[in-house]
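Peer 1: Before anything else, here's the structure in question.
The values are calculated or read from the model by the stated rules, or taken from the named source; none is laboratory data. Not measured: the values here are computed from a predicted model. Don't worry about glycine lacking a Cβ; one is built from the backbone with ideal geometry, like all the others, and counts go over all protein chains shown.
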Amino acid sequence: MTKTRNEWGLFAHDWAVDMLMRHIQQGALRHAYLFTGPAGVGRRTLAMRLAQAIQCPTPVAAGVPCRTCRVCRQIEAGQHIDLMVVQAETEGGTLKVEQVREVARFLSLKPYQAAFKVVLFLRFQEANASAQNALLKTLEEAPAYALLMLTADNPEQLLPTIVSRCEVIRLRPASIPALTEFLTTQGIEPTRARLLAHLSGGRPGYALRLSADEQALAFRSETLDELRELLSAPVRTRFAYAETLAKDKETFRRTLFVWLSFWRDVLLRVAGSQAPLTNADRTQEVEALAAQLSLAQARTLTEQAEQAIERLEKNLNARLLAEVLFVDWPKLRQRGN
């Protein structure tokens with residue numbers, strides 16, 4: 001049986017939990033931690049557990065929060081008086097310098113109830129240059145009772161001087177079998193759990209969010225069905241679809257991400273890789289298309305989807321983007337045709 005829970009009640013990241021517990025037990029807590037890894041891998045959850053572990057007034061053991069007391073529940077909800085959570089107003093937005101300056105004011109006052117003042121910066125890669133420079137000053141001048149935690153996709157997105165002042169905790173996705181098993185313990189049917197594990201790429205937080213979002217799963221399925229039809233459709237049909245798709249930029253963006261995940265799967269198989277597919281329920285379709293494409297073609301289709309996402313974010317003409325994409329797509333036969 002795969003171990004799915006550690007002393008902090010988390011799935012995976014046992015090594016990180018063990019290390020952070022030692023820091024607490026040995027009185028060697030760092031003043032700043034940077035949790036990196038893809039969104040949904042567990043960065044925020046691990047940071048919140050660390051906050052609970054140092055603030056809990058009734059720990060189960062040294063470095064092990066009870067998670068049931070008033071303080072632990074408030075931290076879990078992000079509402080404790082000595083905890084401040086800072087993030088951009090919207091995902092993909094900008095974390096601004098004024099928000100970091102507010103943190104400096106928060107830290108200028110000693111803890112009200114607990115031993116530490118804790119600040120958690122979420123998705124700090126979204127901080128603009130001024131905000132990052134302001135945080136550097138905060139890191140250098142933070143009082144002894146301050147614990148600063150940051151989450152980001154990877155350290156390279158931040159100023160090297162910020163990274164050098166943090167203990168970097170690099171979190172990685174779980175294996176597909178381990179996450180599948182964990183999801184079944186959460187009451188998810190095994191076949192669905194396996195699909196969610198693949199779709200999330202081993203990220204437990206993302207998998208759990210997907211499991212509760214039937215609309216997102218339905219959108220993905222419909223989008224892949226439409227992709228299959230478009231690949232065997234004439235140009236005029238593709239252009240009609242482009243006109244409809246371009247009317248809603250957010251739907252277009254979500255569609256491109258679904259297509260990108262599919263083309264990456266195709267590229268894997270064309271390259272001869274047997275790595276787990278993201279769209280595991282579409283294995284037959286992926287392999288059928290892979291048999292018709294060269295490595296150069298599969299790579300081009302993947303790169304075109306990536307470029308379309310970037311260009312759409314830069315507000316290029318959506319209809320033109322879609323039409324160019326469809327013109328360059330090969331006309332592929334479907335299984336049975």
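Peer 1: From the list Phe116, Phe124, which residue is surrounded by 13 or more Cβ atoms within 10 Å (Cβ to Cβ), assigned by TED's automatic domain parsing to the domain that holds Arg43, under 17 Å from the mean Cα position of the chain (by Cα) and modelled with pLDDT of 95 or more?
Peer 2: Checking each option against the conditions leaves just Phe124.
Peer 1: Moving on to the next point. Scan Glu141, Glu98 and give me the residue that is more than 23 Å from Gly42 (Cβ to Cβ), modelled with pLDDT under 95, surrounded by fewer than 20 Cβ atoms within 10 Å (Cβ to Cβ) and in the same structural domain as Leu83 (by TED's automatic domain parsing).
Peer 2: Glu141
Peer 1: Among the residues of region 188-198, is any within 30 Å of Asp328 (Cα to Cα) and hydroxyl-bearing (Ser, Thr, Tyr)?
Peer 2: No, the conditions are met nowhere in region 188-198.
Peer 1: Right, next: Of the residues Arg254, Arg238, Arg269, Arg228, only one is touching an Asp or Glu at 6+ places or on another chain (Cβ under 6 Å) and in a helix (DSSP H, G or I); which?
Peer 2: Just a single option satisfies the conditions, and that option is Arg269.
Peer 1: Of the residues that make up region 185-205, is at least one crowded, with 18+ Cβ neighbours inside 10 Å, under 30 Å from Ser294 (Cβ atoms), assigned by TED's automatic domain parsing to the domain that holds Gln297 and not aliphatic (A, V, I, L, M)?
Peer 2: Checking region 185-205: not a single residue is crowded, with 18+ Cβ neighbours inside 10 Å, under 30 Å from Ser294 (Cβ atoms), assigned by TED's automatic domain parsing to the domain that holds Gln297 and not aliphatic (A, V, I, L, M).
Peer 1: Answer yes or no as to whether Arg194 is touching a helix residue (DSSP H, G or I) at 6+ places or on another chain (Cβ under 7 Å), charged (D, E, K, R) and within 30 Å of Val327 (Cα to Cα).
Peer 2: Judged against the criteria, Arg194 is not a match.
Peer 1: Give the number of residues within region 89-116 that are polar (S, T, N, Q), under 19 Å from Leu147 (Cβ atoms) and assigned to a loop (DSSP other than H, G, I, E, B).
Peer 2: Number of matching residues: 2.
Peer 1: Same structure, new question: Need the failing condition index for Ala288 against (1) under 27 Å from the mean Cα position of the chain (by Cα); (2) closer than 16 Å to Leu224 by Cα; (3) in a helix (DSSP H, G or I); (4) not charged (D, E, K, R), just the number.
Peer 2: Status for Ala288: all satisfied but (1).
Peer 1: Which one is modelled with the lowest pLDDT, of the residues in region 1-46 that are of a type in the set (A, V, I, L, M) and in a loop (DSSP other than H, G, I, E, B)?
Peer 2: So the first thing to find is which residues in region 1-46 are of a type in the set (A, V, I, L, M), and the list is 1, 10, 12, 16-17, 19-21, 24, 28-29, 32, 34, 39, 41, 46.
Filter once more, keeping what is in a loop (DSSP other than H, G, I, E, B): 1, 10, 12, 28-29, 39, 41.
Working: Met1: 38, Leu10: 93, Ala12: 89, Ala28: 95, Leu29: 96, Ala39: 93, Val41: 96.
Applying the filter and picking the extreme gives Met1.
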